[in-house]
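The values are calculated or read from the model by the stated rules, or taken from the named source; none is laboratory data. These numbers were taken from a predicted model, which means no experiment stands behind them. When we count neighbours, we look across all protein chains shown, and the Cβ atoms used for this are built from the backbone with ideal geometry, even at glycine. Note: areas computed on protein heavy atoms with side chains; ligands, DNA, RNA excluded. Shrake-Rupley method; radii C 1.70, N 1.55, O 1.52, S 1.80 Å.
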Amino acid sequence: REEGALVVRAELPGIDPEKDVELTVTDGMLHITAERRVEDRQESEKYLRQELRVGSFTRVLPLPEGVTESDITASYKDGILEIRIPLPEPPPAEEPKKIAVTRA
C-alpha cells in the first residue's frame with residue numbers, strides 16, 4: 001500500500017510492454033499476463049547457432065470492491081511493471097443505535 005493505492009510490482013526485464021504484456025479485469029479480478037521471447041543467432045564460417053527462449057508469467061489478483069478497470073494505471077520502467085490500484089474510501093462509520101430493553 002502506498003499513498004491510498006495498492007501497488008503491484010513485477011520484474012519483467014527484456015520485454016516490450018506494449019506488445020508482450022496484457023492486463024485485463026474480469027469479475028473483480030485483475031489478470032496480468034506477460035510473455036518474453038528472446039532469439040539469439042550467431043553465424044560464422046563453420047557453424048550457425050540459433051537459440052529461442054520463451055517464458056511466460058501469469059498472475060490473477062482480487063481487486064478491492066468498487067474498483068473498475070478505468071481506475072487502474074500501469075507503467076513500465078527499467079524492467080519493472082508497476083500497477084497502481086486506488087483503494088476506495090471506506091464508508092463513513094454509522095452512529096451506534098441504541099436498542100431499548102424491556103422487562104418481561
Ignoring any ligand, DNA or RNA, what whole percent of the accessible area of the chain comes from carbon and sulfur when the probe is 1.4 angstrom? 49 percent
For the chain, what is the calculated [θ] at 222 nm in deg cm²/dmol (nearest 500), taking -39500 (n - 2.57) for each run of four or more DSSP H residues and dividing by its residue count? -500 deg cm²/dmol
Going through the range 1-89, which GluC sites (Glu not before Pro) have at most 11 other Cβ atoms within 10 Å and a DSSP loop state? Glu3, Glu45, Glu65
Below 26 Å, Cα to Cα, which lysines can Lys77 reach? Residues fewer than 8 away in the same chain don't count. Lys19
What residue among Ala93, Ala74, Ala34 shows peak mean-square fluctuation when the chain is described by a Gaussian network model with Cα springs under 10 Å? Ala93
Computed for the chain: size of charge dipole around the Cα centre, +1 on C-beta of each Lys and Arg, -1 on C-beta of each Asp and Glu, debye to nearest 20, value 480 debye
What accessible area per residue, rounded to a whole number of Å², is obtained for the chain using a probe radius of 1.4 Å? 85 Å²
From Cα coordinates alone, what are the radius of gyration and Dmax values for the chain in angstrom? 23.8, 103
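Gain in length, Arg41 to Asp78, computed as 0.36 nm per residue apart minus the alpha-carbon separation, to one decimal in nm? Provide the component values of the computation, followed by the final result.
Values: separation 37, 0.36 × 37 = 13.32 nm, distance 2.48 nm.
Stretched fully, the Arg41-Asp78 segment lengthens by 10.8 nm.
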For the chain, built as a Gaussian network whose Cα springs stay under 10 Å, the top-fluctuating residue of Pro13, Pro91, Pro64: Pro91
